[in-house]
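Novice: Have a look at this one.
The values are calculated or read from the model by the stated rules, or taken from the named source; none is laboratory data. No experiment lies behind these values; they were computed from the predicted model shown. In this analysis, Cβ positions are derived from the backbone assuming ideal geometry, glycine residues included, and neighbour counts consider all displayed protein chains.
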Amino acid sequence: MKDNTDKADRLMAKIMKDFPMESPSTGFTEGVMERVQAESRVSESRPLIGRTGWIGIAAGFILLLGLIFLEYDGQAPEEAGWLAQHMPSLKIPVFDFSFTDLFSWINLDDPTLFWIFTGIGGIILLGFLQRLFGTLHFRNLHNL
């Protein structure tokens, strides 16, 4: 690894010796520092979430708690868990999800759909291979 670094350093030194070094104009550093100091005086630190944001968050939280406790009717079976005993009106939505139903509209017996999906798969494969070869070429370029 050190040999590769030394080779790269020697190569860069050989390339850079042909180019003349340019120095900045007079007063460049002072001008840049004055601008940095002027910008640091103008910008003030502010919190990420302001006062009105925190008031809105607190109001929303209080509203949510109020809705939960107002809907509480106190009827839960004894064998239910702690959360179910104290908040039985809190209902979690049930999702009926099936992958077979999701893709049931695809009929690969139709030649048009078959070639569309084959083309999409080929484009995805070409993109993956391009990224893979680009990464391998980039790695081999650094090993010179």
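Novice: Go through the stretch 121-136 and report how many residues are more than 28 Å from Leu108 (Cβ to Cβ) and of a type outside the set (Gly, Ala, Ser).
Specialist: 3
Novice: Sticking with this structure for a sec: Working only within the stretch 85-107, note down all residues that are surrounded by 10 or more Cβ atoms within 10 Å (Cβ to Cβ) and either at pLDDT 90 or above or in a loop (DSSP other than H, G, I, E, B) (or both).
Specialist: Residues of the stretch 85-107 surrounded by 10 or more Cβ atoms within 10 Å (Cβ to Cβ): 85-90, 106.
Met87, Pro88, Ser89, Leu90, Ile106 - these are the residues of the stretch 85-107 that are surrounded by 10 or more Cβ atoms within 10 Å (Cβ to Cβ) and either at pLDDT 90 or above or in a loop (DSSP other than H, G, I, E, B) (or both).
Novice: Could you check the stretch 126-144 and list, in sequence order, the residues that are modelled with pLDDT of 85 or more and charged (D, E, K, R)?
Specialist: Arg131 - this is the single residue of the stretch 126-144 that is modelled with pLDDT of 85 or more and charged (D, E, K, R).
Novice: For Ile62, state whether it is modelled with pLDDT under 75, surrounded by 10 or more Cβ atoms within 10 Å (Cβ to Cβ), among the hydrophobic types (A, V, I, L, M, F, W, C) and within 34 Å of the chain's Cα centre (by Cα).
Specialist: no
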